[in-house]
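Encoded as structure tokens, the structure appears first; notes follow it.
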Amino acid sequence: MNRETPYERLSPDLVLDAIAACGLWPDGRLLALNSYENRVWQVGLEDQPPIIAKFYRPDRWSDAAIIEEHTFAHELADAELPVVAPCAFGGQTLLQHDGFRYALTPRRSGRAPELESVDQLQWLGRLIARMHVVGARQRFVHRGKVDSDTMVRQPMRAVLDSSLTPPSLRDHYLVAASRLDDAIAARLRAVGPASSLRLHGDCHPGNVLWTDNGPHFVDLDDARSGPAVQDLWMLANDDPAMQALLDGYRQFRDFDPTELALIPALRAMRQLHYAGWIAERWHDPAFPAAFPFAAESRWWEQHIADLHELSDELE
């Protein structure tokens, strides 16, 4: 398998064969869903609702780390939380077919949450608190952390090692990213050690689907260890929204208010990580097609300016 283009052999026939290998009967209907890190398909089945098949990117997570994610999802589901957990076949949730690792989950539909609604924000806060109650019971052993090495320094190296950054801007990027790295480190020191627990890790509005029965959470692919506020800040557009989330959260779990000072650092980490992620994956044909702007000098100029602005906010 070519690690730079890992999905070139992932044909529709291979996807259907992988589903059939689980004892299911695909009816030939395939719908590619929006995913870049992995490849995700909705697969139609004979006499059953469609199922979602996720084929994992090679080398991103170890088998043990993926199984740890699956175990966490089932812990949450067993606690009657609305989380989509992978299906087991022969007692296994991590499946393999023709060199690909994959998992199957039930299809769940829904709409985006209304983040201007106090009621919906409080509801989300309550559910996230209940997720964190479960997440605090044990520790991840094989999965990553929300820390500066993972979210800042590794992405910086990916950018500097790639040919995507215009040569005329590389030194400017290094100065801006290094300055932000220092500002993030200073903020983390000032706040002090935060309590760490198992998190959803990527709790943005696109990973929350709302139905008439309320919200459910999807895609634990970025589940990591970190501070509780990591699962809250991406759902809050402003201070009143964060207050609504916390009003709901505190009904089920205490929240350390000093973690709110981490939000600018977490926002900066995500910005740095985003550029590094694109640079590291640029050889995957899906990335130039999906993110053509990253090949333009003006995008990197704006990114560098954004990094300095984030440093100003932190300093």
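What to note about this one:
- On inspection, Tyr36 qualifies as within 23 Å of Lys145 (Cβ to Cβ) and part of a loop (DSSP other than H, G, I, E, B).
- If only residues of segment 151-198 that are closer than 30 Å to Val133 by Cβ and touching an Asp or Glu at 6+ places or on another chain (Cβ under 8 Å) are counted, the one that is surrounded by the most Cβ atoms within 10 Å (Cβ to Cβ) is Val152.
- Residue satisfying all of: in segment 183-200; part of a helix (DSSP H, G or I) and in contact (Cβ under 8 Å) with a residue 12 or more places away in the chain; nearest to Leu245 (Cα to Cα) among these: Val191
- Boolean, Gln302 is free of Cβ contacts under 8 Å to residues at least 24 places away in the same chain and either polar (S, T, N, Q) or within 17 Å of Val191 (Cβ to Cβ) (or both): yes
- Unmet criterion (only one of (1) more than 22 Å from Glu8 (Cβ to Cβ); (2) buried (at least 17 other Cβ atoms within 10 Å of the Cβ); (3) over 19 Å from the mean Cα position of the chain (by Cα)) for Leu76: (3)
- Residue in segment 164-180 that is in a loop (DSSP other than H, G, I, E, B) and out of contact with any Ser or Thr (no Cβ under 7 Å at 6 or more places or on another chain) present: yes
- Some residue of segment 106-124 being aromatic (Phe, Trp, Tyr), in contact with a strand residue (DSSP E or B) (Cβ under 7 Å, 6 or more places away or on another chain), surrounded by 19 or more Cβ atoms within 10 Å (Cβ to Cβ) and touching a residue at least 24 places away in the same chain (Cβ under 8 Å): no
- Residue list for segment 251-260, restricted to those being assigned to a helix (DSSP H, G or I) and over 22 Å from the mean Cα position of the chain (by Cα): Pro257, Thr258
- Options Pro50, Pro86; residue that is outside the structural domain of Ser225 (by TED's automatic domain parsing), in contact with a Gly (Cβ under 6 Å, 6 or more places away or on another chain) and either surrounded by 16 or more Cβ atoms within 10 Å (Cβ to Cβ) or among the aliphatic types (A, V, I, L, M) (or both): Pro50
- For beta carbons closer than 6 Å, sequence separation of 6+ or different chains, a first residue in segment 140-163 that is more than 18 Å from Leu310 (Cβ to Cβ) and a second that is assigned to a helix (DSSP H, G or I) and of a type in the set (A, V, I, L, M), the qualifying pairs are His142/Ala64; His142/Ala65; Arg143/Ala65; Ala158/Ala279; Ser162/Ala279.
- The set of residues in segment 24-33 being outside any strand (DSSP E or B) and at pLDDT 95 or above consists of Leu24, Trp25.
- Qualifying residue in segment 279-292 (condition: more than 19 Å from Tyr173 (Cβ to Cβ), touching a residue at least 12 places away in the same chain (Cβ under 8 Å), of a type in the set (D, E, K, R) and not assigned by TED's automatic domain parsing to the domain that holds Ala79): yes
- Residues (more than 13 Å from Asp119 (Cα to Cα), modelled with pLDDT under 95, out of contact with any strand residue (DSSP E or B) (no Cβ under 9 Å at 6 or more places or on another chain) and not in a loop (DSSP other than H, G, I, E, B)) located in segment 201-238: Pro205, Gly206
- When segment 293-314 is filtered for residues that are farther than 13 Å from Thr165 by Cα and surrounded by fewer than 18 Cβ atoms within 10 Å (Cβ to Cβ), the ones remaining, listed by number, are Ala305, Asp306, His308, Glu309, Asp312, Glu313.
- So Ile304, is it of a type in the set (Val, Ile, Thr), in contact with a His (Cβ under 6 Å, 6 or more places away or on another chain) and over 29 Å from Arg130 (Cα atoms): yes
- Test: residue in segment 83-97 that is among the polar types (S, T, N, Q), modelled with pLDDT of 95 or more and farther than 26 Å from Asp13 by Cα: no
The values are calculated or read from the model by the stated rules, or taken from the named source; none is laboratory data. Bear in mind the structure is a predicted one, so any value in this text is a computation, not a measurement. Heads up, the Cβs are rebuilt from the backbone with ideal geometry, glycines too, and the neighbour counts pull from every protein chain shown.
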